[in-house]
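Asks: Here it is, the structure, as structure tokens.
The values are calculated or read from the model by the stated rules, or taken from the named source; none is laboratory data. What you see is a predicted model; the values in this text were computed from it and never measured. FYI the Cβ positions are ideal-geometry reconstructions off the backbone, even for glycines, and counts take in every protein chain you see. These accessible areas exclude ligands, DNA and RNA; they are computed on the full protein's heavy atoms, side chains included. Shrake-Rupley method; radii C 1.70, N 1.55, O 1.52, S 1.80 Å.
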Protein chains: 2
Amino acid sequence: MDAVAAGSGIHQPGITTPVQEHLHFAAYDMMARTTREDLAELLADWTYAATRMMQGLDVSATGALGGSPEAPPDDTGEAVGLPASNLTITFGFGPSLFDARFGLEGQRPPGLERLPAFLNDDLDPLRSDGDLCIQACADDPQVAVHAIRNLSRIAFGRATIRWSQLGFGRTSKTTAAQTTPRNLFGYKDGTANILADDTAALEENVWVSASEGPAWLAGGSYLVARRIAMLIETWDRTRLAEQDRVVGRDKGAGAPLSGGDEFAAPDFTATDASGKPRIDRRSHVSLAHPDNNGGIRILRRGYNFVDGTTDLGRLNAGLFFLSFQKSPDRFITLQKALSTDAMGEYIRHVGSGLWAVPPAPSSGASIGAGLLGA
Amino acid sequence: MDAVAAGSGIHQPGITTPVQEHLHFAAYDMMARTTREDLAELLADWTYAATRMMQGLDVSATGALGGSPEAPPDDTGEAVGLPASNLTITFGFGPSLFDARFGLEGQRPPGLERLPAFLNDDLDPLRSDGDLCIQACADDPQVAVHAIRNLSRIAFGRATIRWSQLGFGRTSKTTAAQTTPRNLFGYKDGTANILADDTAALEENVWVSASEGPAWLAGGSYLVARRIAMLIETWDRTRLAEQDRVVGRDKGAGAPLSGGDEFAAPDFTATDASGKPRIDRRSHVSLAHPDNNGGIRILRRGYNFVDGTTDLGRLNAGLFFLSFQKSPDRFITLQKALSTDAMGEYIRHVGSGLWAVPPAPSSGASIGAGLLGA
């Protein structure tokens, strides 16, 4: 079995894979004076190690213990004895990788640029962007952390971590069998997400087709990451009716305020006795809904995060939003539509990144081989 | 069932409870101008909410959804639909609680003082100490986070979070059935820990007896927290033989370097062919071992942590050490013995705290009722 392609054919794992419980996401920058050959070697080494780790193996054949006692072990060892825990490792290439350094200018996909500034952005450059990214997801956090740690170590002298983010408790439903999880505002999140077995919707919204991008990206996608800080204490002091109005759904069942159950289609024309829309036009569900955005859907795969406490004693918490879509402009269209989102009062976008996600390598090849001609 | 006392009789849960997969630990300070009555009311409210949450219930009877839509819900909602996940909530009282503010000076246990400075300490005051602490452990991180968030919210106007810490992947074996987990140095950790069913060892080392402390603390314990940053990248570049020497055990099986299996007693007199001790005298296992410390044992219940990445691109990671012992001087003795620990080169103690952990309240009473006379 080709583990890198496991379960998704020509696509990388970790996109339509049923979303796991834990995330460690890392963005990397190539080091100064590295060459195209360094990049190709790094991607080959990463592919080798990722393929092994996704099978529950040590990072190399000698691993955590089998090498010489007079050398540092290849594997850092904290996952020894743990199962693979559904680990998936997904690689992405950022806009900056296509500058003059590696001779890749000619192969930059048209839309692979830094995302434009959006209203409510308060971005920290140290939590944004990166030449490369790795999304590691697993049902055991120690397994996800082990993957990022060992891939970072393999990158030594070639690439360094620019920033990384841990997350837990998925915020998106990706299979019919999963109950819809709740985000840290206490609301079900991802009710209308694209499901992993909805091949038509995936082709329509997620996968880059051969005619839509450079050949090296066919079967791939674009990954957007947004670190969205939630103003937890402010939200928690807001009355329930206002929380429901902001979201556009009720907190208990997750049903649209126009009626029905969680999976009922929202009726944006429904009005109450006084003639007011039952779903506020500025609600999150209204502004983000495909019906109000030319049918655009994206595959969300986010996680909650709590990074301890700020110096004011507030929870440093929120949503680490991850989405896959067949073009960056689809995300940009939706995010612009959300500029008047009533939820904007309770959130801040503090980190951001965009990466092209190549297809899985063919057996024996390395991730990005189509791009680098390796 | 009295959930606060569940499974441990007169002792609080979360001490001998089989250690769960996830931790959210928070330290609180009482706000300025709060009174003894405020403290008593806070502890009563916390007891009520903790008892409910440990049963998998919302924080109050009206909960996340049952109140008026014109009021903020009592419960923040992100754990709705999730099981209790073996949640335990454990409360502690710090040295500073016994200053002049609350009239408790006369009831301070003799050893409840800030821990002394130790070699290799590099303590951040914003990650140390606190009037009160809460240890929330659960097998689902969202459940542990929900507990701390809602208890912090209940404290509004009375106490604020001073600092908090999340952790994952227990670092101590607490039942015979658990395999020994690995810390982020890749080594089995907690092999010789006190097990939850070893009543004699618990009486000898962990529980404060009626003759050993103030009456309000009988059946309680003392909790030490230490945020121990691991210099991951330095460690990872160290050869295996040196890692083994520093720990005093082999990385694979976790056996002492004097021979045998993981659970073999270390033989500190064993020598190799050249006459050198097989277990280095400065190894961690040698310096911390009960045989070399007058028989002192402590109950460890720590967690690994990874708080993302530093601005140098290094993992901000380590061990959040938690231990329970019947007197603070037992921890102090062990920590002083570790001042020449060969591991000191690879770790920094960056946070520290000590709290007295009262017994569980009797049915219908609040935590700390014995202290406050409530």
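Asks: Assuming R0 = 35 Å, can you tell me the calculated FRET efficiency for the pair B:Ala176 and A:Thr234, based on Cβ-Cβ distance, to the nearest 0.05?
Replies: Values: r = 47 Å, r/R0 = 1.35.
The computed FRET efficiency comes out at 0.15.
Asks: Specify the longest stretch of chain B that does not include any exposed loop site, a site being one of the chymotrypsin sites (Phe, Trp or Tyr not before Pro) with a non-H, G, I, E, B DSSP assignment and at most 16 other Cβ atoms within 10 Å.
Replies: Excluding the exposed sites themselves, the longest stretch runs over B:1-117.
Asks: At most 11 other Cβ atoms within 10 Å and a DSSP loop assignment: could you name the trypsin sites (Lys or Arg not before Pro) in the range A:2-108 that fit? If you can, show how the numbers build up before the last one.
Replies: Numbers: sites: A:Arg33, A:Arg36, A:Arg52, A:Arg101; in loops: A:Arg33.
Listed in order of number, the matching sites are A:Arg33.
Asks: GluC sites (Glu not before Pro), restricted to the range B:1-107: which are DSSP loop and have at most 15 other Cβ atoms within 10 Å?
Replies: Within the range B:1-107, the qualifying GluC sites (Glu not before Pro) (loop, at most 15 other Cβ atoms within 10 Å) are B:Glu70.
Asks: Using unit Cβ charges (K, R positive; D, E negative) and no other charged atoms, how large, in debye to the nearest 20, is the dipole of chain A about its Cα centre?
Replies: On the way: 34 positive and 44 negative charges, 148 e Å.
Using only the charged Cβ atoms, the result is roughly 720 debye.
Asks: Another question about this same structure. Arrange the residues B:Thr174, A:Thr35 by how much accessible surface each exposes, largest first, with a 1.4 angstrom probe.
Replies: Details: B:Thr174 0, A:Thr35 55 Å².
Of B:Thr174, A:Thr35, the descending order of accessible area is A:Thr35, B:Thr174.
Asks: Using a basic spin-label model with each label point 7 Å from the Cα along Cα→Cβ, how many nm lie between A:Leu312 and A:Asp139?
Replies: If labels sit at A:Leu312 and A:Asp139, their model points lie 4.0 nm apart.
Asks: Whole number in Å², please: accessible area per residue of the range B:32-113, 1.4 Å probe, ligands, DNA and RNA not counted.
Replies: For the range B:32-113, the per-residue accessible area is 42 Å².
Asks: The range B:291-336: which trypsin sites (Lys or Arg not before Pro) are DSSP loop and have at most 16 other beta-carbon atoms within 10 angstrom?
Replies: On the way: sites: B:Arg297, B:Arg300, B:Arg301, B:Arg314, B:Lys326, B:Arg330, B:Lys336; in loops: B:Arg297, B:Arg301, B:Arg314, B:Lys326.
Answer in residue order: B:Arg314.
Asks: Right, something else. For B:Met31, go 7 angstrom from Cα along the Cα-to-Cβ vector, then report the distances to that same point in the other copies in nm, smallest first.
Replies: Reported distances to equivalent positions: 5.1 nm.
Asks: Looking at the axis that maps chain A onto chain B, which chain A residue has the closest Cβ, and how far off is it in Å, rounded to a whole number?
Replies: Residue nearest the A-to-B axis, with distance in whole Å: A:Asp307, 3.
Asks: Express in whole angstrom the spacing between the alpha-carbon centres of the range A:119-159 and the range A:23-92.
Replies: Value for the Cα centre distance between the two parts: 13 Å.
Asks: Using a 1.4 Å probe on protein heavy atoms, which residues of the range A:218-253 have at least 40 Å² less accessible area in the complex than alone?
Replies: Relative to the lone chain, where solvent access is computed with a 1.4 Å probe, the range A:218-253 loses at least 40 Å² at A:Asp236, A:Arg237, A:Arg239, A:Leu240, A:Lys251.
Asks: With a 1.4 Å probe on protein heavy atoms only, tell me which residues of the range A:66-82 lose at least 30 Å² of accessible surface in the complex relative to the chain by itself.
Replies: A:Pro69, A:Glu70, A:Pro72, A:Pro73, A:Thr76, A:Glu78, A:Val80
Asks: Just the accessible area per residue of the range A:309-374, please: how many Å² with a 1.4 Å probe?
Replies: 34
Asks: Now a separate question. Based on Cβ point charges of +1 for Lys and Arg and -1 for Asp and Glu, what charge dipole magnitude is obtained for the protein assembly as shown about its Cα centre, in debye rounded to the nearest 20?
Replies: Approximately 600 debye in magnitude.
Asks: Here is a follow-up. B:Arg36 versus B:Ala201, label points 7 Å from Cα toward the beta carbon: distance in nm?
Replies: It works out to 4.1 nm between the two label points.
Asks: Related question: All other residues with a Cβ under 12 Å from the Cβ of B:Val145 taken together, and with Lys, Arg as +1 and Asp, Glu as -1, what is their net charge? List each step's numbers first, then the result.
Replies: Values: positive: A:Arg182, B:Arg149; negative: A:Asp307, B:Glu78, B:Asp140.
Net charge around B:Val145: -1.
Asks: Could I ask something else about it? Quick one: 3J(HN,Hα) in Hz for the range A:15-22, Karplus 6.51/-1.76/1.60 with θ = phi - 60°, rounded, Gly and Pro as x.
Replies: Those phi angles translate into 10, 9, 4, x, 5, 7, 7, 9 Hz.
Asks: For chain A, which whole percent of the accessible surface, found with a 1.4 angstrom probe, sits on carbon and sulfur atoms?
Replies: 53
Asks: Any idea what the dipole of the range B:1-106 comes to, in debye rounded to 20, about its Cα centre with Lys/Arg Cβ at +1 and Asp/Glu Cβ at -1?
Replies: 240
Asks: Can you compute the modelled spin-label distance between B:Ala215 and B:Ala241, with each label point 7 Å from Cα toward Cβ, in nm?
Replies: Label at B:Ala215, label at B:Ala241, 6.3 nm between them.
Asks: What is the gain in length, in nm to one decimal, between B:Ala365 and B:Asp267 on full extension, counting 0.36 nm per residue of separation less the C-alpha to C-alpha distance?
Replies: Once the chain is fully extended between B:Ala365 and B:Asp267, it gains 30.4 nm.
Asks: Okay, next question. Quote the total accessible area buried by chains A and B together, excluding ligands, DNA and RNA, probe 1.4 Å, nearest 100 Å².
Replies: The contact between B and A buries close to 4000 Å².
Asks: Report the one residue of A:Leu372, A:Met31, A:Ser211 whose Cα lies farthest in the direction of the positive end of the charge dipole of chain A (charges on C-beta: Lys and Arg +1, Asp and Glu -1; origin at the Cα centre).
Replies: Most positive-ward Cα: A:Ser211.
Asks: Shortest first, in nm, what separates the label point of A:Ser362 from those of the same position in the other copies (7 Å along Cα→Cβ)?
Replies: Distances to the matching label points in the other copies: 7.8 nm.
Asks: Select from the range B:167-208 all residues whose loss of accessible area on going from the chain by itself to the full protein assembly reaches 20 Å² or more (probe 1.4 Å).
Replies: For the range B:167-208, once contacts with the other chains are taken into account, B:Phe168, B:Arg182, B:Leu184, B:Gly186 lose 20 Å² or more.
Asks: For the range A:280-341 and the range B:304-330, what is the separation of their Cα centres, given in Å?
Replies: Each part reduced to its Cα centre gives a spacing of 33 Å.
Asks: Now a separate question. Which residue, A:Ala253, B:Ile296, B:Gly111, has the largest displacement toward the positive end of the dipole of the protein assembly as shown when charges sit on each Cβ (Lys, Arg +1; Asp, Glu -1)?
Replies: Of A:Ala253, B:Ile296, B:Gly111, it is B:Gly111.
Asks: Just to confirm the numbers: A:Pro125, label point 7 angstrom along the Cα-Cβ line, distances to the other copies in nm, shortest first?
Replies: The answer, with the shortest distance listed first, is 3.2 nm.
Asks: Next up: Enter the accessible area per residue of the range A:168-226 (Å², integer; probe 1.4 Å; all protein chains in place). If you can, show how the numbers build up before the last one.
Replies: Working: 1890 Å² over 59 residues.
For the range A:168-226, the solvent-accessible area averages 32 Å² per residue.
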